[in-house]
Amino acid sequence: MTKPESSFPGFIGNLLASAPLGAVVIDLNGLLIWANALAMTFLGDSIEIGGIMLASKDWPHFRDLVLAQKPFYYLLGEQGFMFSPMTSELSQDQDWLLLWMIPSAAMTIDFVEMQTDLIRHRKLANLGQMMTEMAHEMNNPLASISMDCQLAGMSLKKLKKQIPDEHSASEPLRETVDKVDKEIHKIIQSTAKAAHLCQEILAYSKPNQMILRPYQVNRMVKQILNQLKQQSIFHQMTLCLEPLKTSSMILCDPLKIEQILYNLLKNAHEATQGKGTVWIREQVEPPFVLLEVEDNGPGIPAEILDKIFSPFLTTKPRTGNGLGLSISQQIIREHGGSFSVYNKPDSGACFQIRLPQAAPLKDSL
Amino acid sequence: MNSMLAEPMDSKIAKTYRLLMVDDDSTIRDNLKEYLLNYHQADYQLEVEEASTADAAIELLKEHPYDLIITDINLPDQDGFYILQEAAHIQPGIKRALITAYDLDSYIEMAKTEKVYNIIVKTAPFNFPEFSAVVDNLLLPEQAFGLEKYLDNPSLFKQIEIHSSHGIMAAQAELQQFFESHQVPEIDALAVVMVEAITNAVYHSAKLPDGSLRYEKGEVIEALTSEETVSITYGRDDEKLGVSICDKGGTMTADEILFWLERNISGKSLMDTHGRGIYLIHRLTDRVIINLAKNKRTEFILLHYLEGTPHENKPLYINETA
């Protein structure tokens, strides 16, 4: 790699060296190849020519901002700077980039974060789009796999009928056929699960496709409890219901809210290692109905509490059916409600879902 | 050009129908063909031919007669709607259906414009018995009527007749009882569906001589004549509950149904004061099959699965007999 100063015709080198603006030259790995004296004072004592300009965790983001080829603000320590990538002739065909560096008194931390968020959101949007397309593409092969298995199952039924009734080999033959049939059915089930997950991803990216209708809260809770009873993992948990005497009606898409509540219960299960207590509480806060799902686990770690509803935040590999708290919050917002969480003073987390109250069904018909 | 073999002299020879299956995914084509040839039970025989591109399909349509064409929407060279458009030109009267892994909502506008009334969905697992029923209904739409066709060894079967507008709530209450006894969680949604479907049927049943509706929705109807009563059948089999609501007016058309569905799916109906009934019925019920015999009968068949039917990706099943 040629040193940049040697690429600068003499007078440009002098210009850069004596300019009232900082000038830095970096390569695409974050090495500071050259800086003029002013830039060196901005960068501070800890940074040297030939060394790295930024901590390695910060570099990728900085590089993205530079490659976007537009001026951007950046915080170095406590001081804000405007960096302006100098494009074109000087740096063409080189592995380095020249940046102007100007201290900016007008810059605030919020602005920098906003800019950072913008880039992150663009990336997430692209990722989201890819996921949607992939989910679409997945449906066909999943249907194919399922069809193949279903037809195989039908053939096995035929085969079983052809096994002669009395023959020494018949019983073991039937057992083997049953075994194969069982495995095939497991494939069909797994494929159905995968297809369902694709549907969830697609539903998330569709514009508002919900039908809101009046639904009674305790009916919903009953439905969820039935689901829980069927799953042995919940058998060691203590469930405390605090419903209202006359259960309230909410205006909602019941399937979606049920799924959200169910996911919260699963989270509570994980938080308490399957042995804790969960409270499900119904209250009225006109014009809303407040549903609380509370556990006695360790609560949510302070450092992620304010980020807990952000998409793609994972603290552990994702298990279960849902796509997370971010989607749940989106869905509840689309209902005209709100979704929040706080840590209890004695340990544990309390999730609060507020949904609009509805007039009872008979009245509206 | 779409007729099959000449009427057989020996009545024991079954009629043969020719089906053209178009999909670029060979597994799907093979599987559907295998199912139709080995497992589909009917009084007729089926010959199934295949194509993997639109061009190939159109060539086949030009050369050979078919009674039914089923095509995927996304093909490498043209989309399925285009093929069906061509099919209607080349062989007028040919029965047409689409099959897709995508959802109905994305295609409802095309379905309305191209007058495609049957869209089958590729789900995992795939519903083969339902596929059998739709092939049957496409080939023989006059046999699509009647709830019995959609229940497998029904364990319950009851009938209600509605003779006046007072009967609407009574019928709805009886159906509500039926759902409650099966602990159906979506009972409130089904209540909405039933009221819409029954009310629609009652107010479409009574016609004036010129074919227009005699009563306005909401008007009290003291007595419907015997040619105007609405019949409701309901029952269940091992996996689902079924309700059939049938009026004798026969004024509903497939185009009308698609008009209202499209209007509501696309959001154009936001400010409408009415017209959501068909959309709600379609959205809130697991499966809806609409059978239309012009000026004779309109039947809505509503199926609710006791467990496990996906609620997304619904098919479109409208059968129209002349």
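Which shape class applies to the range A:16-80: rounded if a/c is under 1.5, otherwise prolate when a/b exceeds b/c and oblate if not, where a ≥ b ≥ c are the square roots of the Cα gyration tensor eigenvalues?
rounded
At 4 °C and a viscosity of 1.567 mPa s, what translational diffusion coefficient does Stokes-Einstein give for the range A:137-240, taking Rh as the Kirkwood radius over Cα pairs? Give it in µm²/s as a whole number.
In µm²/s, the coefficient is 72.
On a C-alpha basis, how far is the centre of the range A:62-82 from the centre of the range A:215-244 in Å? Whole number, if you could?
After rounding, the separation between the Cα centres reads 51 Å.
Do the alpha carbons of any pairs in A:Lys157/A:Lys275; A:Lys307/B:Lys122; B:Lys240/B:Lys296 sit beyond 32 Å of each other, and which pairs?
Result: A:Lys157/A:Lys275; A:Lys307/B:Lys122 exceed 32 Å.
Along the charge dipole of the protein assembly as shown, pointing to its positive end and built from +1/-1 on Cβ of Lys, Arg, Asp and Glu, which listed residue (B:Asn200, A:Ala194, A:Cys252) has its Cα farthest out?
Farthest towards the positive end: A:Cys252.
Only helices at least 24 Å long along their axis, Cα-based, and averaging 0.5 or more on Kyte-Doolittle count here, so list those DSSP H runs from chain B.
Qualifying helices, which must be both long enough and hydrophobic enough, are B:187-205.
Taking every residue in B:66-73, how many Cβ atoms of other protein chains lie within 10 Å of its Cβ, on average?
0
Do you know the relative contact order of chain B, to the nearest whole percent, from alpha carbon pairs under 8 angstrom that are 6+ apart?
16 percent
Of A:Lys182/B:Lys15; B:Lys33/B:Lys294; B:Lys115/B:Lys248; B:Lys62/B:Lys268; A:Lys179/B:Lys95; A:Lys222/B:Lys158, which sit over 31 Å apart, Cα to Cα?
In this structure, A:Lys182/B:Lys15; B:Lys33/B:Lys294; B:Lys62/B:Lys268; A:Lys179/B:Lys95 lie more than 31 Å apart at Cα.
For the range A:213-364, which semi-axes, largest first and in whole Å, follow from the square roots of 5 times the eigenvalues of its Cα gyration tensor?
24, 18, 15
Can you report the principal axis dimensions of the range B:16-139 using only the alpha carbons, biggest first, rounded to whole angstrom?
Projected onto the principal axes, the Cα atoms of the range B:16-139 cover 33, 33, 25 Å.
Heads up, I need the accessible area for B:Ser212: 1.4 angstrom probe, whole protein in place, Å², nearest 10.
We get 50 Å² for B:Ser212.
Pairs of alpha-carbon atoms within less than 8 angstrom and 6+ residues apart define the contacts here; what relative contact order does the range B:147-321 have, in percent?
Normalised by residue count, the contact order of the range B:147-321 is 25 percent.
State, in angstrom, two size descriptors of the protein assembly as shown derived from its alpha carbons: Rg to one decimal place and Dmax to the nearest whole number.
Over the protein assembly as shown's Cα set, Rg and Dmax evaluate to 32.4, 106 Å.
Once chain B is represented by equal point scatterers at the alpha-carbon sites, with solvent omitted, what log10 I(q)/I(0) does the Debye formula produce at q = 0.14 Å⁻¹?
-1.15
Run the helix sum for the protein assembly as shown: -39,500 (n - 2.57) per DSSP H stretch of 4+ residues, divided by residue count, reported at 222 nm to the nearest 500 deg cm²/dmol.
Calculated mean residue ellipticity at 222 nm is -13000 deg cm²/dmol.
At a temperature of 25 °C and a viscosity of 0.890 mPa s, determine how fast chain A diffuses translationally according to Stokes-Einstein, using the Kirkwood radius over alpha-carbon pairs as Rh; express D in µm²/s, rounded to the nearest whole number.
93 µm²/s
When the C-alpha atoms of the range B:147-321 are aligned to their principal axes, what extent does each axis show, in angstrom, from largest down?
Per principal axis, max minus min of the Cα coordinates gives 45, 37, 29 Å.
The values are calculated or read from the model by the stated rules, or taken from the named source; none is laboratory data. This structure is a prediction, so every number in the text was calculated from the model and none was measured. Don't worry about glycine lacking a Cβ; one is built from the backbone with ideal geometry, like all the others, and counts go over all protein chains shown. Protein only, heavy atoms only, side chains kept; ligands, DNA and RNA dropped before computing areas. Shrake-Rupley method; radii C 1.70, N 1.55, O 1.52, S 1.80 Å.
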